[in-house]
1. Can you report the number of residues in segment 101-112 which are touching a Gly at 6+ places or on another chain (Cβ under 9 Å), part of a strand (DSSP E or B) and open to solvent by less than 60 Å² (accessible area, probe 1.4 Å)?
2. Residues in segment 69-100 that are within 19 Å of Asn31 (Cα to Cα), out of contact with any helix residue (DSSP H, G or I) (no Cβ under 6 Å at 6 or more places or on another chain) and either outside any helix (DSSP H, G or I) or among the aliphatic types (A, V, I, L, M) (or both): how many?
3. For segment 1-48, how many residues are in contact (Cβ under 8 Å) with a residue 40 or more places away in the chain and within 19 Å of Leu106 (Cα to Cα)?
4. Name, by its number, the condition in (1) within 14 Å of the ligand (Cβ to nearest atom); (2) open to solvent by 30 Å² or more (accessible area, probe 1.4 Å) that does not hold for Thr35.
5. Do we find a residue being touching a His at 6+ places or on another chain (Cβ under 9 Å), more than 11 Å from the ligand (Cβ to nearest atom), modelled with pLDDT of 95 or more and open to solvent by 20 Å² or more (accessible area, probe 1.4 Å) anywhere in segment 113-130?
Amino acid sequence: MKLDRILPFARILLEKAVHPGDITIDCTMGNGFDTVFLAGLTGENGHVYSFDIQKEAIQTTAAKLKAENLQECCTLIHDGHQHLSKYIRKEHSGKVTGAIFNLGYLPGGDKSIITQADTTISAIEQLFELLAPEGIIILVIYHGHPRGDRQNGDALLTDCP
Ligand SMILES: C[S@@+](CC[C@H](N)C(=O)[O-])C[C@H]1O[C@@H](n2cnc3c(N)ncnc32)[C@H](O)[C@@H]1O
């Protein structure tokens, strides 16, 4: 059997779980590809919350959303995903059908700024409270880069409930 590559596979899963009008979260905004993809799924009646700790990510993503005329249905948050529950509106709690983490560094940016296992785990724990029934959390984990084991994969696989 031929398996899908990781990013297309993540999108197939999101397409199954997320529908127009839904609430979604991009926990690692980066260059905005996942945020734009989610906004395309949720549409004008839904909402995407998107987080990144780097200003550069917010600027790139804001420009991408504007070019696609999707900016109205997204909230770009310049803060870590470990604080996500304080940004999700009360009426959206329990209604999140899809959340994605694309772990690692910002492509084209500073490679020393990377996601950390403890903040990822904290965000996942908060997401459990926000998810809709049958909602999905996707983690795209790369083992291939230096420190990719502890920050992303192994720590999460061993520390997560
Ligand atoms: C691999 S990139 C994400 C790619 C992105 N999803 C896209 O579609 O382009 C990982 C991003 O996670 C961000 N990041 C690191 N720690 C974070 C945190 N605690 N909260 C939110 N984002 C974080 C990095 O700044 C980086 O931009």
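The values are calculated or read from the model by the stated rules, or taken from the named source; none is laboratory data. The model shown is predicted, which means the values in this text are computed figures rather than measured ones. Methodologically, a virtual Cβ is constructed for each residue, glycine included, from the backbone with ideal geometry; neighbour enumeration extends over all protein chains shown. Ligands, DNA and RNA are excluded from the accessible area calculation, which covers all protein heavy atoms including side chains. Shrake-Rupley method; radii C 1.70, N 1.55, O 1.52, S 1.80 Å.
1. Here the count works out to 1.
2. Counting residues in segment 69-100 that are within 19 Å of Asn31 (Cα to Cα), out of contact with any helix residue (DSSP H, G or I) (no Cβ under 6 Å at 6 or more places or on another chain) and either outside any helix (DSSP H, G or I) or among the aliphatic types (A, V, I, L, M) (or both) gives 4.
3. 13
4. Failing condition for Thr35: (2).
5. Within segment 113-130, one or more residues are touching a His at 6+ places or on another chain (Cβ under 9 Å), more than 11 Å from the ligand (Cβ to nearest atom), modelled with pLDDT of 95 or more and open to solvent by 20 Å² or more (accessible area, probe 1.4 Å).
Conditions (1) away from the ligand (no atom under 14 Å from the Cβ); (2) surrounded by 18 or more Cβ atoms within 10 Å (Cβ to Cβ), marked per residue:
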{"position": "Phe51", "(1), (2)": "no, yes"}
{"position": "Glu68", "(1), (2)": "no, no"}
{"position": "Gln71", "(1), (2)": "yes, no"}
{"position": "Thr75", "(1), (2)": "no, no"}
{"position": "Gln82", "(1), (2)": "no, yes"}
{"position": "Ser93", "(1), (2)": "yes, no"}
